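Asker: The structure's right below; bear with me while I get my questions together.
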Amino acid sequence: MILVKQKGRTVVVGIGNPIRGDDGVAIRLVRKLREVLPPRFEVKESATAGLELMETILGYRRAILIDAIRTPEGVPGEVYRFDWQDSKVAPYLPFSHTINLGQVVEMGGMLGGQEMPAVEVLAVEAKRLDAFCEDLSPELEEKLDEIAAELRTAIQEID
Amino acid sequence: MAEKDDVSMSKRLTIDPITRLEGHGKIEIFLDSRGNVSHAYFQVPELRGFEKFCEGRLAEEMPRITPKICGVCPTAHHMASGKALDDLFEVNPPPAAKKIRELVNSAFIAEDHALHFFFLGGPDFIVGPRAPASERNILGVIEKVGLDAGKQVIHIRKRLRDLIAKQGGRVIHPVCNLPGGVSKGVSKEDREEYIQTGKEAVEFARFALKTFEDIVVQNKEYLDLITGDIYRHRTYYMGLVDENNKVNFYDGEIRVVDPDGKEFAKFSPREYLDNIEEHIEPWSYVKFPYLKHVGWKGFVDGKDSGVYRVAPLARLNASDGMATPLAQEECEKMYSTLGGKPSHNTLANHWARLIELLYASERLLELAQDEEILDPHVLNIPSAVPEEGIGVVEAPRGTLYHHYKTDEKGILTHVNLIVATVNNAAAISMSIEKAARSLIKKGKADDALLNMVEMAFRAYDPCLACATHAIAGGPALEITLYDSKGEPIDSMVNFE
């Protein structure tokens with residue numbers, strides 16, 4: 001029905017909006033990662049999460065999501081490997097349509113008629129997420145290659 | 001997600017973030033010294049700077065930029081923007097181009113409405129307003145309506161989105177609209193597919209209405225909730241209508257009816273600023289639009305207050321009905337059940353939304369079956385020197401205004417957008433406050449009651465997705481707490 005089987009492949013999805021400043025950092029990063037990751041990884045960009053995301057990752061063996069994050073004491077550019085199933089964190093995953101990641105995964109399995117991929121979330125600390133601009137904060141822009149390298153290592157550790 | 005405080009300790013209740021909402025928002029409920037509701041506010045963390053971001057760019061970029069405001073209403077922005085460019089460059093698209101745009105917009109509205117009923121607002125009724133919060137979600141809905149019905153929702157959504165992707169170029173951020181028309185005509189082969197999609201969408205909409213009838217209308221408790229005073233406000237209503245005053249999502253004039261249902265105003269997009277003004281409150285980034293010729297009287301309803309509402313129920317109230325037969329039949333049935341027209345029952349938005357789902361599906365089918373849609377002439381090349389353009393469409397959540405001014409080279413010098421949810425901002429605050437007053441007494445509020453307050457708000461299907469989607473959020477998720485004197489006493493972000 002809605003599935004295109006990707007058999008055994010891993011998809012890396014950058015989530016963000018490139019005209020929303022640091023919100024677009026994951027998009028910029030996956031464009032770099034696309035050039036350097038081995039062919040077993042498929043790299044995609046996604047403007048939204050929620051149902052859109054379900055359709056993007058369904059059919060893969062594993063999905064590695066990269067998104068921006070802002071934490072109270074965070075330093076821009078820090079990379080976190082995110083335990084999205086942590087009960088303290090899960091309720092705060094305000095994906096579009098507010099279907100949280102757990103529900104997306106479970107629903108995909110129910111409606112798609114097959115297992116959803118194993119999902120991992122990598123998050124990059126952002127500085128500002130509240131303005132319209134095409135540029136990243138200077139702190140992120142200057143570290144972009146460094147962050148991409150860190151993500152590449154993390155991705156290959158995961159898979 | 002609700003935090004409840006003991007009345008003896010403090011004087012506030014906060015529901016944050018609002019669950020099952022597109023984007024983020026915050027409801028603040030202020031209690032008096034007795035623990036009863038004093039005021040309630042709906043906070044929208046509106047993004048600042050979009051207009052400035054656009055200034056200095058070429059106007060023709062706007063249909064590609066504005067859909068990126070969010071991933072929820074991109075097609076509506078693309079349509080309003082395309083129409084604003086037609087006006088700006090003084091060029092009238094060929095008939096086939098207008099039909100193609102309306103076809104794409106109809107597919108979008110049908111898809112969006114279906115999603116809302118089953119996955120966002122639906123849990124309130126399908127699973128039940130008093131069901132545990134852990135069950136009031138999309139998975140609870142699937143459990144209640146069955147796996148096959150859940151699959152149908154996903155299936156029809158895919159069919160409709162395939163149409164948008166094929167005709168619009170991309171599904172999330174379509175690129176088909178150009179000043180004077182569209183970039184691509186409809187092939188015979190695609191048209192056959194669209195006809196099939198239209199037929200399936202009509203059947204799906206009828207199934208959705210039947211589900212609503214069985215689960216909601218036939219349930220006295222739910223019907224009483226819809227028609228009761230808790231969720232009722234007598235306001236003005238606004239919507240786009242065709243030459244026969246029937247609901248139209250893509251084109252026509254803006255019609256406003258008063259709380260008695262009498263036509264109060266009917267104006268062209270160019271006259272919107274003669275009819276709408278915006279009120280500013282210190283506690284909100286959102287400007288509250290109101291009817292200029294009635295005036296701002298505060299967050300109150302009635303004929304003397306300029307507060308108006310948009311979105312499905314408002315569109316039906318502001319029109320003389322639906323232009324397609326099955327939707328018209330359902331529309332008559334709804335008003336007959338609700339006790340006449342206009343209906344002031346906020347929760348009836350869910351019903352009206354499904355009637356619009358049926359209308360959008362029927363209209364999609366009509367357009368796909370129209371021979372003229374195959375005409376390859378889909379673009380008139382503009383030649384006028386641009387100056388000012390205004391485009392208005394109906395987005396799923398209400399009337400959407402795009403207004404651009406440029407220099408003689410088409411470089412934007414001024415941009416003003418009134419997005420659908422903002423039109424409803426004042427009414428949403430009023431609805432939340434009224435529901436809170438009715439349901440929270442002496443500081444007593446359990447999770448189900450708080451959900452029923454949220455229901456007042458979800459009925460509008462407010463879209464705050466122009467706020468950040470990021471995992472930890474931005475200022476959108478900041479919680480500010482106030483005591484009964486209105487002084488802020490605490491502030492926190494969602495990850496602390």
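The values are calculated or read from the model by the stated rules, or taken from the named source; none is laboratory data. Here the structure is a predicted model, which means the values were calculated and not measured. Every residue, glycine among them, receives a Cβ derived from its backbone with ideal geometry; neighbour counts consider all protein chains shown. Keep in mind that these areas ignore ligands, DNA and RNA; they rest on the heavy atoms of the full protein, side chains included. Shrake-Rupley method; radii C 1.70, N 1.55, O 1.52, S 1.80 Å.
Asker: Amide H neighbours of B:Ala311 under 5 Å, at least 5 residues apart or on other chains, H built in the peptide plane: list them.
Answerer: Those qualifying (amide H under 5 Å, at least 5 residues apart or on another chain) are B:Gly398, B:Thr399.
Asker: On a 0 to 90 degree scale, rounded to 10, what angle separates helix B:147-168 from the longest Cα axis of chain B?
Answerer: Approximately 40 degrees, to the nearest 10.
Asker: OK, next. To test your reading of the geometry: what angle, between 0 and 90 degrees and rounded to tens, separates the Cα axis of helix B:447-458 from the longest principal axis of chain B?
Answerer: Roughly 30 degrees between the two axes.
Asker: Now a separate question. Per residue of A:21-30, how many C-beta atoms from partner chains lie within 10 Å of its own C-beta, taken as a mean?
Answerer: Rounded to a whole number, the mean comes out at 1.
Asker: Can I ask one more? Using a basic spin-label model with each label point 7 Å from the Cα along Cα→Cβ, how many nm lie between A:Arg31 and B:Asp407?
Answerer: In this crude label model, A:Arg31 to B:Asp407 measures out at 2.8 nm.
Asker: Hey, rough spin-label estimate for B:Arg206 and B:Val300, points 7 angstrom out along Cα→Cβ, what's it come to in nanometres?
Answerer: Rounded to a tenth, the inter-label distance reads 4.8 nm.
Asker: Report Rg/Rh for region B:91-177, rounded to two decimals, where Rg is the Cα radius of gyration and Rh the Kirkwood radius.
Answerer: Over the Cα atoms of region B:91-177, Rg/Rh equals 1.15.
Asker: How large is ³J(HN,Hα), in whole Hz, for each residue of region B:320-331 in order, when computed from phi with the Karplus curve 6.51 cos²θ - 1.76 cosθ + 1.60 and θ = phi - 60°, using x for Gly and Pro?
Answerer: Result, rounded to whole Hz: 9, x, 9, 7, 10, x, 5, 5, 4, 4, 5, 5.
Asker: If I stretch the segment between B:Lys333 and B:Ser134 completely, what's the gain in nm (0.36 nm per residue apart, minus their alpha carbon distance), one decimal?
Answerer: Full extension from B:Lys333 to B:Ser134 adds 68.3 nm.
Asker: May I pose another question? With θ taken as phi - 60° and the coefficients 6.51, -1.76 and 1.60, list the Karplus ³J(HN,Hα) couplings across region B:80-91 in order, rounded to whole Hz; mark glycine and proline as x.
Answerer: Whole-Hz 3J(HN,Hα) from phi for region B:80-91: 4, 5, x, 5, 5, 6, 4, 5, 4, 9, 6, 10.
Asker: Around B:Arg234, which amide H atoms from residues at least 5 apart in sequence, or from another chain, sit under 5 Å from its own amide H, with H modelled in the peptide plane?
Answerer: Those qualifying (amide H under 5 Å, at least 5 residues apart or on another chain) are B:Gly302.
Asker: While we're looking at this one, here's another question. Kirkwood hydrodynamic radius, computed over distinct alpha-carbon pairs, for region B:146-217: how many Å, to one decimal?
Answerer: Kirkwood radius, region B:146-217: 13.9 Å.
Asker: Could you tell me the calculated FRET efficiency between B:Val385 and B:Asp274, based on Cβ-Cβ distance and R0 = 25 angstrom, to the nearest 0.05?
Answerer: The pair B:Val385/B:Asp274 has a calculated efficiency of 0.50.
Asker: Report the relative contact order of region B:249-301, percent, no decimals, based on alpha-carbon pairs under 8 angstrom and at least 6 residues apart.
Answerer: Dividing the mean separation by the residue count of region B:249-301 yields 21 percent.
Asker: On to the next question. Taking H as built 1.01 Å from N, whose amide H comes closer than 5 Å to the amide H of B:Glu281, not counting residues under 5 places away?
Answerer: B:Phe288
Asker: Hey, got the average number of other protein chain Cβ atoms within 10 angstrom for residues in B:134-140?
Answerer: So the per-residue partner count for this stretch is 4.
Asker: State the three equivalent ellipsoid semi-axes of region B:172-268, derived from the C-alpha gyration tensor as the square roots of 5 times its eigenvalues, in descending order and whole Å.
Answerer: Equivalent ellipsoid of region B:172-268: 34, 26, 11 Å, largest first.
Asker: Send over a whole-number figure in Å² for the accessible area per residue of region B:75-145, probe 1.4 Å.
Answerer: So region B:75-145 comes to 22 Å² accessible per residue, rounded to a whole number.
Asker: To the nearest 100 Å², how much accessible surface do chains B and A hide from each other in total, with a 1.4 Å probe?
Answerer: Roughly 4300 Å².
Asker: If you don't mind, there's one more thing I want to ask. What percent does the relative contact order of chain B come to when contacts are Cα pairs within less than 8 Å and at least six residues apart?
Answerer: Worked out over chain B, it gives 27 percent.
Asker: Enter the accessible area per residue of region B:184-247 (Å², integer; probe 1.4 Å; all protein chains in place).
Answerer: 46 Å²
Asker: Leaving out ligands, DNA and RNA, and with a 1.4 Å probe, what % of the accessible surface on region B:143-261 is carbon or sulfur?
Answerer: Its accessible area is 47 percent carbon and sulfur atoms.
Asker: Which order do the peptides B:136-145, B:388-397, B:227-236 come out in when sorted by mean C-beta neighbours inside 10 angstrom, highest first?
Answerer: B:388-397, B:136-145, B:227-236
Asker: Take peptide B:339-346, look around each residue's Cβ out to 10 angstrom, count Cβ atoms belonging to other protein chains, and average those counts.
Answerer: Other-chain Cβ atoms within 10 Å of each residue's Cβ, averaged: 0.
Asker: With a 1.4 Å probe and all protein chains kept in place, how do B:His403, B:His173, B:His414 rank by accessible area, largest first?
Answerer: Reading off the accessible areas and sorting them downward yields B:His414, B:His173, B:His403.
Asker: Another question about this same structure. In terms of the Cα gyration tensor, with a ≥ b ≥ c the square roots of its eigenvalues, is chain B rounded because a/c is under 1.5, prolate because a/b exceeds b/c, or oblate?
Answerer: The shape class here is prolate.
Asker: Can you give me the solvent accessible area of B:Leu374 with a 1.4 Å probe, rounded to the nearest 10 Å²?
Answerer: Accessible area of B:Leu374: about 40 Å².
Asker: In whole Hz, with x marking every Gly and Pro, tabulate ³J(HN,Hα) for region B:272-284 from phi via Karplus 6.51 cos²θ - 1.76 cosθ + 1.60, θ = phi - 60°.
Answerer: Listing the rounded values in order: 4, 6, 6, 10, 10, 10, 10, 9, 10, 10, x, 8, 9 Hz.
Asker: Moving on. Is region B:266-336 best put as rounded, prolate or oblate by its Cα gyration tensor, with a ≥ b ≥ c the root eigenvalues, rounded for a/c under 1.5, and otherwise prolate when a/b is larger than b/c, oblate when not?
Answerer: Cα axes put region B:266-336 in the prolate bin.
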